[in-house]
Amino acid sequence: MSRLAARTSRIATSPTMKVSATVDRLKREGIAVLDLGAGEPDFPTPEAISAAGHAAIDQAFTKYTPVGGTLDLKRAVVQRYAADYGVRYQESQVIITAGGKQALYNTALALFGPGDEVILHTPGWPTLTEQVKLADATPVFVRLSPEDGFAITAAPFVAAITPRTRGIVLNSPCNPTGAIITEAELTRLAQEAARRDIWIVIDLCYEKLIFEPLPHNLPRVLETHCPGLGIICGSASKAYAMTGWRCGWTIAPPSVIAAENALQSHATSNVASITQRAALAALTGSQQVVDVMRREYQRRRDAVHEWLTRDGYFTAALPAATFYLFLDVSRLLSADGLPTANDVARALLDEVRVAVTPGEAFDAPGYIRISFATSLDILREGSDRLIAFARQRVSAPAAGS
Ligand SMILES: Cc1ncc(COP(=O)(O)O)c(C=O)c1O
């Protein structure tokens with residue numbers, strides 16, 4: 001057999017997807033596992049959205065569409081962002097992609113190349129880094145600090161800029177920490193990017209899952225402070241419980257969209273026509289379905305945070321957004337017991353049959369990610385098992401906690 005291309009050895013398979021694959025395998029083997037690893041909504045796709053997909057099939061809307069998506073859907077994206085953020089994009093600034101993942105991948109390939117440095121944050125979603133590497137650019141990391149809840153602030157990014165910096169990639173709300181960047185911090189960063197002619201890419205895939213009424217009008221900040229350099233990648237996956245449909249979008253200057261269209265035309269062509277009709281219904285229909293899901297996530301967040309942190313074995317900031325709790329498991333670690341969070345995750349699966357995602361997946365050793373995109377019953381049982389597991393390994397909870 002001949003050899004594989006060098007790029008395949010530079011990247012790792014998605015560690016978050018590995019957890020899902022393990023859970024699936026165990027379930028197939030008849031082993032019951034409580035899955036707190038899932039990175040997707042447990043809700044079904046709302047009925048009106050699925051109905052639009054059915055109607056697309058019934059109406060034989062099953063052929064190629066334009067590579068970058070139907071005009072209707074691009075217009076719906078423009079109108080959604082106008083309604084949500086008061087920003088005015090043109091259809092020529094939008095491409096419809098196979099999930100936020102392809103939106104981000106197209107963007108990395110369109111903007112970055114050999115010799116370029118791209119600044120990202122850790123903890124962070126691993127795909128963002130691997131995509132930069134696939135573009136043959138060099139990832140540079142800003143380490144967010146647990147002391148301030150992993151807040152994403154401008155200063156460390158500005159400090160990391162060099163003459164080779166071509167881009168900054170942010171994920172807000174952030175998977176896995178649930179933190180968001182404030183408008184004031186993004187303003188600082190956007191002004192600096194404008195001064196230095198650097199792209200700012202924002203992964204907004206969790207934009208609809210912010211719990212507190214926190215200002216998060218990042219599209220407006222980019223438009224105001226670094227026009228022509230701001231790129232937004234969004235997704236129907238998490239907001240509308242549409243992970244399997246595969247629909248996302250990039251919003252960017254027309255020249256970037258033209259480049260992404262060219263790339264996509266030789267890779268996947270258009271997103272499934274049926275999916276596009278469903279996404280059209282999602283974006284143009286009542287947004288109450290999103291509110292209902294968000295309120296339920298918030299109820300679960302409050303409950304699982306309380307259950308897991310009250311005994312002092314684990315600590316975690318209350319996430320402002322997403323459906324993840326990022327749990328500090330350092331009290332469980334010891335050189336001769338469980339040296340790493342990876343070991344904790346493995347032991348949790350082996351001993352108490354709870355699947356979680358180790359912090360190593362997000363370049364954050366000492367943590368595990370708990371997904372609360374599952375029922376309160378499962379969260380209750382999972383929390384009990386985690387506490388029982390911790391009690392066996394830690395002599396006494398931290399004083400005062
Ligand atoms: C931070 C982040 N961005 C983007 C995505 C992409 O999701 P999708 O491709 O389903 O839109 C995910 C999925 O888990 C994610 O966690």
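Observations
- As a summary of the residue check, residue 293 satisfies the conditions (1) of a type outside the set (Lys, Arg); (2) without any contact (Cβ under 8 Å) to a residue 40 or more places away in the chain; (3) on the phi < 0 side of the Ramachandran plot except for the one numbered (2).
- On the stretch given as segment 157-178, residues that are more than 20 Å from residue 131 (Cβ to Cβ) and surrounded by 24 or more Cβ atoms within 10 Å (Cβ to Cβ) total 1.
- When restricted to residues that are aliphatic (A, V, I, L, M), within 16 Å of the ligand (Cβ to nearest atom) and either more than 20 Å from the chain's Cα centre (by Cα) or in a loop (DSSP other than H, G, I, E, B) (or both), segment 188-224 contains 2.
- Within segment 333-378, being part of a helix (DSSP H, G or I), under 21 Å from the mean Cα position of the chain (by Cα) and either closer than 15 Å to residue 314 by Cα or not hydrophobic (A, V, I, L, M, F, W, C) (or both) holds for 341, 342, 345, 359, 360.
- Among the residues making up segment 96-121, those that are hydroxyl-bearing (Ser, Thr, Tyr) and either away from the ligand (no atom under 11 Å from the Cβ) or in contact (Cβ under 8 Å) with a residue 40 or more places away in the chain (or both) are 97, 107.
- Applying the criterion of being open to solvent by 10 Å² or more (accessible area, probe 1.4 Å) and more than 14 Å from the ligand (Cβ to nearest atom) to the residues of segment 225-243, the residue that is nearest to the chain's Cα centre (by Cα) is 230.
- Filtered residue count, segment 151-178, keeping only those that are in a strand (DSSP E or B) and either more than 19 Å from residue 111 (Cα to Cα) or out of contact with any Pro (no Cβ under 9 Å at 6 or more places or on another chain) (or both): 6
- Lone qualifier among 383, 371, 330 - being in contact (Cβ under 8 Å) with a residue 24 or more places away in the chain and farther than 29 Å from residue 130 by Cβ: 383
- Meets criteria (touching a Pro at 6+ places or on another chain (Cβ under 6 Å), open to solvent by 30 Å² or more (accessible area, probe 1.4 Å) and either more than 13 Å from the ligand (Cβ to nearest atom) or among the hydroxyl-bearing types (Ser, Thr, Tyr) (or both)) for residue 148: no
- When 322, 250 are checked against the criterion of being in contact with a Leu (Cβ under 7 Å, 6 or more places away or on another chain) and either within 14 Å of the ligand (Cβ to nearest atom) or closer than 20 Å to residue 61 by Cα (or both), a single residue qualifies: 322.
The values are calculated or read from the model by the stated rules, or taken from the named source; none is laboratory data. This structure is a prediction, so every number in the text was calculated from the model and none was measured. Backbone-built Cβ (ideal geometry, glycine too); neighbour counts: all protein chains shown. For accessibility, only protein heavy atoms count, side chains too; no ligands or nucleic acids. Shrake-Rupley method; radii C 1.70, N 1.55, O 1.52, S 1.80 Å.
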